[in-house]
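The values are calculated or read from the model by the stated rules, or taken from the named source; none is laboratory data. Quick caveat: nothing in here was measured; it's all calculated off a predicted structure. Cβ placement follows ideal geometry from the backbone for every residue including glycine, while neighbour counts extend to all protein chains displayed. In case anyone asks, the SASA skips ligands and DNA or RNA and just uses the protein heavy atoms, side chains included. Shrake-Rupley method; radii C 1.70, N 1.55, O 1.52, S 1.80 Å.
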Amino acid sequence: MILDIIHILVLIGLIATAYLAVKLRDLMACAVMLGIFSFLLSLEFFILQAPDVAIAEAGIGAGLTTAIFVMAIRKTSRWEVEE
Amino acid sequence: MSVWDFIITNAPALAIAVPLLGAFLTPLIYRAGRKTALIWVLSVLGFTEFLALLLVYLVNTYGIQVYVFGGNPSTLAIPPDSGGIPIRIIFTVDGMSAFTALISSTIGLVAGIYSVASEKGRGAQDKFFALLLLLVVGMMGMALTGDLFNFFVFLEINSLSAAALVSYRIHGGKAVEAAFKYAVVSSIGALMILFAIAILYGEYDALNMAMIAERMYQTGFSAMDMIAMALIVVTLAMKCGAVPMHYWVPDGYGEAPGEISAMIMVASQASLYGLFRMCFTVFGLSANTHSLGWFLIILGLLSMFIGVTMAFLQHDIKRLMAYHSVSQTGYMLLGVGVGLATLGTSAFNQYGLFAMEGGIFHILNNMLYKGLLFLTAGAIIYRVGTSDLNKMGGLAHTMKFTAIFYLIGALAIAGIPPFNGFVSKLMIYESVYQLNPFLAVVAAIVSMLTLASFLKVFHSAFMGPKLYNVKEVPKSMLIAMGILSFFIVLFGIFPNIAMTYLVAPAAHALADPVGYITRVLGGGA
Amino acid sequence: MMSKIVRTQANFLYPFILIFGFYIVAHGHLTPGGGFQGGAVIATGIALVIVAYGYDRVKSWIKKSTLTATESIGLLCFILTAFIGLSTSFFYNFLANSGLLFGDKVSYGANPGYLNTAGTLPIMNLAVGVEVLGGLGVILMYMLSYGKEVSK
Amino acid sequence: MMNPFNPSISTPSGIWNPLVWILVFLLSLLIAYVIYLKGEKQRKKGMQEEIFLSGNKADGNTHIKASNIGWGYLEAMKGYYKLMRDIHTGIINDYVGWFLGVLATMLLIFLFWGGVR
């Protein structure tokens with residue numbers, strides 16, 4: 001029962017972070033949102049009994065890509081501008 | 001056990017392992033100097049070529065070869081406690097695989113010889129040669145593997161190393177943009193293939209191609225199989241550059257260095273091999289091969305016509321040739337598609353098999369003359385420094401050998417006898433005519449337009465007053481072009497050499513999925 | 001270079017991430033994970049340091065050429081282990097149950113997991129771990145080395 | 001098994017032999033040369049040696065640029081090439097879009113024609 005509730009919360013969190021990552025204007029916040037998204041996704045993989053994939057997702061998705069996004073944002077501008 | 005026996009028993013694995021080892025050692029050896037690294041790379045490529053020839057010989061003499069990774073003897077393809085499923089990674093080498101492996105390693109060797117001079121003085125060459133060897137690994141692996149997931153892995157090796165090589169000459173960011181497009185398109189395609197493999201794995205509990213084909217035949221062709229088939233067929237058709245999914249081809253081929261364009265062209269022929277392998281061996285027993293064959297024929301017709309008409313418009317020499325490789329892929333799709341559409345009927349023995357032989361022979365010929373044309377284009381760009389045809393002229397005054405090699409390639413691609421292009425085109429025309437005369441008419445018109453656009457290149461690049469005071473290209477580039485020209489003339493005058501040892505075994509192997517399946521599921525003995 | 005808070009946290013977290021990564025690599029044949037996942041976790045640790053301190057300070061601690069050599073050596077270890085198996089077939093597990101390195105026999109039934117088993121698999125996991133660490137590290141360093149940082 | 005050094009290939013409606021073709025080609029060259037020798041010895045020198053370039057004066061140093069070759073053909077096929085230029089946008093979203101379109105087309109074909117053998 002508790003696992004089901006956690007599962008549903010994780011799924012809701014996935015949708016919410018994905019929406020926020022598209023919607024937010026502060027790119028640094030978007031990168032952090034993508035990091036949280038990857039973290040929740042790795043939880044989801046764990047709940048679906050794929051711990052192997054979960055570790056890979058946590059390492060690559062939550063760790064490395066967030067770091068690369070942060071570096072890229074630091075070399076360009078932080079705020080999204082209207083074209 | 002002597003060394004010779006050792007090489008023969010392990011030939012399928014060594015064909016992958018040797019270039020892989022070569023690729024990983026190249027960056028380390030390059031620290032000892034460029035010359036040492038070049039000797040190393042060329043000897044690895046030469047040994048790979050020898051192994052591919054050995055595979056052709058073994059397949060022609062002893063039939064389909066099955067190699068098991070990590071197993072003890074080759075009879076352990078199906079361990080006794082696995083319930084009849086081939087659980088290990090298996091390499092299955094039949095006529096078509098050996099054929100594709102041979103053309104892949106040949107173009108790798110030629111490109112290696114060519115890049116001795118053409119890449120001299122550029123940066124990051126250790127990575128260039130490592131990636132070149134990895135591209136050979138990808139092509140050979142796609143050709144030799146008998147396992148679907150392995151096929152996906154080698155497809156990824158193939159596309160990633162090709163994308164990295166496309167961006168080797170940054171060219172003000174244009175090459176990087178082309179490589180980015182190529183990488184995005186091929187990763188989306190690879191994801192689609194992974195999805196299809198997951199569907200098949202979920203349904204049949206196996207990743208071995210023979211096992212999947214066997215179980216699919218027993219349980220019937222379901223709707224999920226249809227989705228998987230559509231994903232695989234369309235993705236591989238895109239990877240080989242069939243219209244209307246050819247847009248990455250002129251970008252990718254156009255911006256790569258000359259020898260890399262030739263290699264990527266053969267890499268897309270490896271995707272074509274994958275397409276034929278899937279259509280014939282995996283889905284050929286259960287799916288509706290008639291409509292599948294007509295799907296390939298229509299893709300082939302579109303590719304031939306749109307490819308050649310778009311090529312006539314171009315004034316960038318590499319882009320023009322890239323559009324021609326789209327149109328040449330159309331011939332192969334047409335020839336083999338006719339074979340697939342008539343598979344299992346009486347028409348197959350009348351003309352279907354002959355059309356397939358024509359299509360497969362065209363793969364070999366296309367590797368030879370298209371590779372040669374890309375190399376001459378690279379030679380022109382090497383000396384003139386631009387790929388714009390409008391700025392060229394009069395190169396035949398000084399670059400005599402390049403002009404002759406270009407002329408051989410251009411006449412061969414246009415299907416002028418006695419060069420090799422004529423033989424395969426004749427075979428395609430005559431057999432395709434019997435299925436539907438319209439197909440042969442389109443093929444002939446496309447051939448004429450091909451001649452017209454290559455005459456345009458010849459006139460604007462080589463003829464006319466002397467605009468550039470340039471020398472002939474260095475010797476290693478001439479040797480690479482000379483090898484390909486020699487085989488063009490040889491296969492033009494003695495087509496039966498290629499027909500007997502390479503093309504006919506390949507066509508028979510494709511047309512006989514039952515033999516493939518029984519060989520693998522019988523334990524590979 | 002980021003603020004002092006970030007740097008202190010990075011200093012604190014860095015050894016733990018590294019240890020966790022090496023744990024995943026070393027137990028690749030017993031628990032979920034393996035060479036790739038462990039290597040990626042270690043590279044995350046490197047990324048943390050790079051983000052916290054900026055390229056100018058990091059480049060004296062971690063050399064690009066070292067990372068490239070690490071990558072090559074990892075790949076070579078992997079392929080050479082596969083090559084040694086060629087006495088029977090490519091990728092043959094010649095160390096399993098041999099009593100040598102990683103060669104202990106495992107009895108049937110449930111067990112807590114013994115590290116000294118599985119033959120060539122731990123060696124290949126280590127090789128892949130080293131390779132992934134080098135490869136991802138090189139990607140991060142090159143990402144950082146081009147272009148100037150925009151000051152806000 | 002075929003003899004690999006036999007140059008002739010039999011096709012469904014005939015036979016192709018490159019050596020015979022080369023012989024015939026050389027023979028026709030010979031015939032052409034014979035006809036050339038039979039020609040009039042006292043032909044007039046003049047117009048026929050000059051370069052012909054659509055009636056314009058050409059001094060031997062004129063070079064036609066690649067974009068100008070096949071002008072008539074390109075002009076005649078203007079509508080087709082307009083369409084083709086519009087299709088080849090060079091935008092990567094379109095590349096993927098075409099790919100998905102063909103995928104959908106193939107699925108539809110197989111749904112309506114039936115995929116089972």
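Things to note:
- Interchain or long-range residues, amide H under 5 Å from D:THR11's placed H: D:TRP16
- Computed with every protein chain present, the accessible area of B:GLU472 is close to 40 Å² [probe 1.4 Å].
- Ranked by solvent-accessible area (1.4 Å probe, protein heavy atoms only, all chains present), the residues C:HIS27, B:HIS362, B:HIS397 order from largest to smallest as B:HIS397, C:HIS27, B:HIS362.
- Prolate/oblate/rounded call for chain C, Cα gyration tensor, a/c under 1.5 rounded: oblate
- Rolling a 1.4 Å probe across all protein chains gives B:THR518 an accessible area of roughly 80 Å².
- The range B:168-219 versus the range C:1-58: alpha-carbon centroid distance in Å: 32 Å
- Peptide B:455-464 - average C-beta neighbours from other chains (10 Å radius): 3
- Charge dipole (the protein assembly as shown, unit charges on Cβ, about Cα centre) - positive-most of B:PRO417, B:GLY202, D:SER54: D:SER54
- For the pair the range A:1-73 / the range D:1-36, the C-alpha centres are spaced 70 Å from each other.
- Based on protein heavy atoms only, chain D ends up with 77 Å² per residue of surface accessible to a 1.4 Å probe.
- Cut-off 15 Å between beta-carbons: net charge of the residues surrounding A:ILE12, Lys and Arg +1, Asp and Glu -1: -2
- Chain B - mean residue ellipticity at 222 nm from DSSP helices (-39,500 (n - 2.57) per run, n ≥ 4, rounded to 500): -24500 deg cm²/dmol
- Distance between the 7 Å Cα→Cβ label points at B:LYS466 and C:TYR142: 4.4 nm.
- C:PHE90 long-range amide H proximity, modeled H, under 5 Å: B:GLY70
- Cα gyration tensor, the protein assembly as shown - rounded (a/c under 1.5), prolate or oblate: prolate
- Full extension of the segment from B:SER346 to B:THR398, taken as 0.36 nm per residue of separation minus the current Cα-Cα distance, would add 13.1 nm.
- Distance in nm between pseudo-label sites at D:ILE31 and D:TRP113 (7 Å out along the Cβ direction from Cα): 4.7 nm
- Exposed loop sites here mean chymotrypsin sites (Phe, Trp or Tyr not before Pro) with a DSSP loop assignment and at most 14 other beta-carbon atoms within 10 Å; chain D contains its longest site-free run at D:53-117.
- Summarising the amide proton neighbourhood of B:ASP316: residues at separation of 5 or more, or on other chains, whose placed amide H is nearer than 5 Å comprise B:LEU389.
- Karplus-based coupling profile of the range C:111-127, in residue order and whole Hz: 8, x, x, 9, 6, 8, 10, 6, x, 6, 4, x, 4, 5, 4, 4, 4, with θ = phi - 60° in 6.51 cos²θ - 1.76 cosθ + 1.60 and x standing for Gly or Pro.
- Above-threshold pairs, the threshold being 28 Å between Cα atoms, out of B:LYS127/B:LYS318; B:LYS425/D:LYS38; B:LYS120/C:LYS64; A:LYS23/B:LYS174; B:LYS239/D:LYS82; B:LYS466/D:LYS82: B:LYS425/D:LYS38; A:LYS23/B:LYS174; B:LYS466/D:LYS82
- Shape analysis of the range A:2-75 places it in the oblate category; the axes a ≥ b ≥ c from the Cα gyration tensor give an a/c of at least 1.5, with a/b not above b/c.
- At an R0 of 60 angstrom, the distance between the Cβ atoms of C:VAL6 and D:TYR80 translates into a FRET efficiency of 0.50.
- Summarising the label geometry, the points placed 7 Å from Cα in the beta-carbon direction at B:PHE458 and A:ALA29 lie 6.6 nm from one another.
- With respect to chain D, whose longest principal axis is taken over its alpha-carbon atoms, helix D:92-113 is tilted by about 70°.
- Which of B:ILE416, B:ILE260 is most accessible, then next, and so on - probe 1.4 Å: B:ILE416, B:ILE260
- For C:CYS77, the accessible area of its heavy atoms, probed at 1.4 Å with every protein chain present, is near 60 square angstrom.
- Peptide B:243-250 shows a mean partner chain C-beta count of 5 within 10 Å per residue C-beta.
- Charge sum, other residues only, whose C-beta stays under 14 Å from B:GLN269's C-beta, Lys/Arg counted +1 and Asp/Glu -1: +3
- Backbone HN-Hα couplings from phi across the range B:505-511 [Karplus 6.51/-1.76/1.60, Hz, Gly and Pro as x]: x, 5, 5, 5, 5, 5, 6
- Phi-derived couplings, Karplus 6.51 cos²θ - 1.76 cosθ + 1.60 at θ = phi - 60°, listed residue by residue for the range B:162-169: 5, 5, 5, 6, 4, 8, 4, 8 Hz, with x used for Gly and Pro.
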